[in-house]
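Participant: I have a structure I would like to understand better, so I am pasting it below and will then ask my questions one at a time.
The values are calculated or read from the model by the stated rules, or taken from the named source; none is laboratory data. Please read all numbers here as calculations on a predicted model, not as lab measurements. Here the Cβ positions follow ideal geometry from the backbone for every residue, glycine too, while neighbour counts run over all protein chains shown. Remember, those area values only see protein heavy atoms, side chains included, never the ligands or the DNA or RNA. Shrake-Rupley method; radii C 1.70, N 1.55, O 1.52, S 1.80 Å.
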Amino acid sequence: MTTTPQPSENTGGDEKLAADPDFGQVQPDIITYTTLLYIAGRSLDRSPVLGPMLARAMAEGKPVASDPVPLLHPKGPAGLVLAAPVLQEGDASPAGFVTFSYELAPLMLTNDDLSLFSVVLKDPRSDDGELIADDRGDVTARTASQDGPAPSMIRTVTFGGRDWSLGYYAKTNAIKRAQQTAAIVAAIGIALTSIVCGLFGYVAYSNLRLRREIDVRIGFERRLTAVIDELNHRVKNILAVIQSIVTRTLRHGSDIDVARELLIGRIHAMSNVVSLLSESQWQGVQLKGLFESRAIPHADRIAVSGPDIDVSARAAQSLSLLFFELASHSDEGLSLVGKHPNIKAHWEVTGEGPDAIFHFRWEESNTSAATRRADSDFGIILLDRVAPEALGGTAKRYFTDASYVYELTAPMETVVDMTARDRTEALAAPVKRLS
């Protein structure tokens with residue numbers, strides 16, 4: 001236990017506590033000590049309330065609750081103190097206590113005018129004393145009237161090794177109860193009227209919203225069907241292209257190692273263009289993006305020039321295979337001076353509107369038919385027939401005195417990216433071919 005402080009001469013606050021009728025009378029010889037209970041370093045064993053509680057907790061070795069007592073300061077809220085002894089291992093005597101304080105008001109029902117019962121706590125310090133909390137949470141003491149009505153119900157609870165009795169008094173103010181009942185009935189009537197009106201309004205609004213949702217759903221299903229159809233069409237086209245690549249590469253490949261490398265490169269070129277189209281949500285890709293090193297071999301040796309053009313998904317697949325085929329064969333021979341040939345890829349657009357024409361030219365300088373390895377059968381088919389037909393144009397390849405040239409010409413309306421509506425109309429119409 002902590003040491004006991006010297007008595008203080010200031011007892012003004014204790015005289016008020018001694019005269020406080022809420023918690024009984026405090027004996028005059030302990031008035032000065034009551035003030036010291038709220039000073040740090042105090043000794044609690046001389047407290048008329050906490051002292052017996054601590055002694056009992058020490059004797060019984062279990063938690064014990066005190067009588068009602070002001071908490072924190074002499075005018076503090078009424079509450080209970082629970083002391084739990086702390087026992088060291090192997091020692092039956094407590095080494096100290098852990099105390100908890102509980103305010104009474106939150107533990108009792110607040111007694112406002114609308115509550116059906118007045119809840120009181122039987123004062124354990126007197127036989128006819130009661131403690132009651134008002135609507136502000138203030139706990140006051142009163143004497144139970146012998147001639148008054150008895151509690152409607154008494155409930156006993158156990159806390160801190162003690163039994164506490166709660167009494168429930170029914171309120172009998174007929175006028176106030178009638179007023180309360182009338183207010184409740186009026187509130188219920190208004191609520192029911194509001195609910196009925198709200199239901200009619202909700203039904204009308206729901207019908208309108210349902211009609212709009214049905215229209216939106218129908219439009220969404222139509223668009224979804226169109227997207228699925230287009231997706232199926234694109235997947236079938238890609239699978240058909242891959243099947244053609246595999247079949248023609250292995251059929252015409254005399255060397256299995258060379259055929260394997262060409263097959264891997266061609267499929268990789270298709271995979272690259274599909275990735276680019278996926279990133280743009282199949283709305284077309286930049287033509288210069290098809291010359292990236294991840295899809296075109298030796299792209300660093302290709303001088304690319306031309307205006308920025310967003311080619312359509314269909315054109316991108318054909319041009320990607322076309323560029324790979326040209327680049328893969330350009331490194332298979334030597335130039336006239338014993339080095340790799342210089343490569344230029346250039347495109348331009350002539351004309352305007354529906355008459356605009358796309359021109360592409362691939363030129364490998366310092367090479368000839370004698371030094372450049374001939375195009376494979378698959379390459380010839382792709383360069384001369386597949387790519388031009390896919391774009392609705394024409395193509396030609398030839399050797400000059402010191403270079404290899406491939407030229408492709410096609411209408412811009414089959415090359416550039418268009419809106420979904422324009423693309424659908426263009427694909428449904430017959431392909432326009434150059435004469």
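Participant: If the requirement is being in contact with a Lys or Arg (Cβ under 9 Å, 6 or more places away or on another chain) and either at pLDDT 80 or above or surrounded by 13 or more Cβ atoms within 10 Å (Cβ to Cβ) (or both), which of these qualifies: 124, 77, 94?
Facilitator: After ruling out the rest, the residue left standing is 124.
Participant: For segment 28-49, which residues satisfy the criterion of being open to solvent by 30 Å² or more (accessible area, probe 1.4 Å) and at pLDDT 65 or above?
Facilitator: Answer for segment 28-49, where residues must be open to solvent by 30 Å² or more (accessible area, probe 1.4 Å) and at pLDDT 65 or above: 44, 45, 46, 48, 49.
Participant: If you go through segment 129-152, how many residues are open to solvent by 70 Å² or more (accessible area, probe 1.4 Å) and in a loop (DSSP other than H, G, I, E, B)?
Facilitator: 9
Participant: Further, regarding this structure: Out of everything in segment 51-68 that is open to solvent by 20 Å² or more (accessible area, probe 1.4 Å) and under 54 Å from the mean Cα position of the chain (by Cα), what residue ends up being farthest from residue 159 (Cα to Cα)?
Facilitator: Taking the candidates together, the pick is 61.
Participant: Hey, can you tell me all the residues within segment 242-270 that are open to solvent by 50 Å² or more (accessible area, probe 1.4 Å), at pLDDT below 70 and hydroxyl-bearing (Ser, Thr, Tyr)?
Facilitator: Scanning segment 242-270 gives a single hit, 254.
Participant: A follow-up question, please. Please find, within segment 297-318, the residue that is nearest to residue 384 (Cα to Cα) out of those that are of a type in the set (A, V, I, L, M) and buried (at least 23 other Cβ atoms within 10 Å of the Cβ).
Facilitator: If we take residues in segment 297-318 being of a type in the set (A, V, I, L, M) and buried (at least 23 other Cβ atoms within 10 Å of the Cβ), then 315 is nearest to residue 384 (Cα to Cα).
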